[in-house]
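Comments concern the structure below.
The values are calculated or read from the model by the stated rules, or taken from the named source; none is laboratory data. Nothing here was measured: the structure is a model prediction, and the numbers come from that model. As a convention, Cβ positions derive from the backbone with ideal geometry for all residues, glycine included, and neighbour counts pool all protein chains shown. Note: accessible area is taken over every heavy atom of the protein model, side chains too, but ligands, DNA and RNA are not part of it. Shrake-Rupley method; radii C 1.70, N 1.55, O 1.52, S 1.80 Å.
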Amino acid sequence: MSIYERQRAGKYIFLAVSSVAIIIFLLLSNSLVKELAQQERERMNIWARATERLAQTEVDADLEFLLSIISQNNSIPVLVADSTFHILEFRNFSLPDKSDKDKSVYDELTPRNRDYLLSRLKKPGGETPLSVMADNNPHFIKVEIYANTYQYIYFEDSILLRRLSLYPYVQLGVMVLIALILYTAVVYTKRAEQNRVWVGLSKETAHQLGTPISSLMAWSEYLQAAGTDPEVTREIDKDVKRLSVIADRFSKIGSVPELQLEYLNDLVSTSLDYMRSRISGKVDLRMHLSEDDHGVMLSRPLFEWVMENLTKNAVDAMDGAGSIDITTGDDKDKVWIDIRDTGKGIARKNFKNVFNPGFTTKKRGWGLGLTLVKRIIEDYHGGKIYVKDSELGRGTTFRIEIPSAG
């Protein structure tokens, strides 16, 4: 399993554990809310029975007890009405017109408040008779006042219960927000650490290459003086210069490169000339350059690195046999380069993953080439690189987009 695959597996495990924890949390919270709602209904049943008993009682000894039960409800909104929708009593409603906050008689309320209470009573069933609503709605309780004469008690969830029903989701939202902040902080810290490692590794690589390159230059001069075939020494010089360019590229990682005006077609041609003699003869490397050679602001050493890296990847994807087509063009305020191969192709799900550190389909390699390419194009040149299209067994097209110099 590659580094990237292990990281992805870790993310999936984290998401799975988090999802299970959230589901358990919501189930427990909803269970608690349901239990509290059941307790409120039981309280309202006791309140309704006390109201019914108070209307029917003729024993003075019961009055104080029954009144105490009724007066204890100071949190659950409740309405008492007869079968004609006439409200006889109300408690604990937040009335829209605050001028009636101390009034307890429905007929003394302002028209606005009376309409409000009536709308609360009718809301559960519209124009359905109260006798029918009481039989079908758990928020209604039917109370017999005396023979065949009934009153209807309608109640709503208390403010506390409504708040508790929302609390799990508010708490969940806060937890998710905190988790996102922590995740962002961890990712930012990790990326910053990776960048420091990459920069240190790149500069150390450039430094370490300096000594053998100087030695090779001296040996090349010695071979020329010793009468070695000039063709041999010329090829050695080319590779030594190439190593110098590579060392220079590594030294530029981590610092802001100096961008200069370059012409796209000329740059692409020069970048690929070196590759032609160093790839398999079974690979047909073709260029389709636009008629106009567009000016762009680039770091030539770094951009040549990008082109060579993409070309090498294409050769590897084709197992050393096939064709690579390089096409340039422009679109409004940007120029683009398409690099198409006839290799193995990339699964759609991996279009973005190929640029992640550690992702590779090859048996050897660190999976950092395309990551460096993305960094050079996007961070240093303000451009974009992505998989334009790909088909398994048919090939892949990478597209590079860079702002035009105007």
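Odds and ends about this structure:
- Annotation: per residue accessible area for the chain equals 60 Å², rounded to a whole number [probe 1.4 Å, protein chains only].
- Axis angle, to the nearest 10 degrees, between helix 230-252 and the longest C-alpha principal axis of the chain: 30 degrees.
- With every protein chain in place, the chain: carbon and sulfur % of accessible area (1.4 Å): 57
- Here the spin labels are modelled as points 7 Å beyond Cα on the Cα-Cβ line, and at LEU164 and LYS11 they lie 4.0 nm apart.
- R0 of 25 Å, Cβ-Cβ distance ARG234-GLN208: FRET efficiency to nearest 0.05: 0.45
- Cα centroid separation - the stretch 149-217 against the stretch 13-30, whole Å: 18
- For the listed peptides 79-91, 209-221, 295-307, a ranking on the average number of other beta carbons within 10 Å per residue, highest first, reads 295-307, 79-91, 209-221.
- Sequence-distant residues sharing a close amide H with ILE145 (under 5 Å, placed H): TYR150, GLN151
- Placing a pseudo-label 7 Å from each Cα along the Cα-to-Cβ vector at VAL187 and GLN224 gives an inter-label distance of 5.3 nm.
- Cα-derived Rg to Rh of the stretch 140-256, Kirkwood definition: 1.77
- Using the rule -39500 (n - 2.57) for each DSSP H run of four or more residues, divided by the residues of the chain, the 222 nm mean residue ellipticity is -18500 deg cm²/dmol.
- At the listed q of 0.07, 0.14 Å⁻¹, the Debye profile of the chain, built from one uniform point per Cα, gives log10 I(q)/I(0) equal to -0.61, -1.29.
- Compared with the alpha-carbon gap, the fully stretched path from LEU118 to ALA147 is longer by 7.8 nm at 0.36 nm per residue.
- Under 13 Å from the ASN350 label point (7 Å along Cα→beta-carbon), backbone N, the stretch 388-404: 390-396
- Difference of contour (0.36 nm per residue) and Cα-Cα distance, LEU289 to SER31: 86.1 nm
- Stretch gain in nm, segment VAL197-ALA405, where the contour uses 0.36 nm per residue and the Cα spacing is subtracted: 71.6 nm
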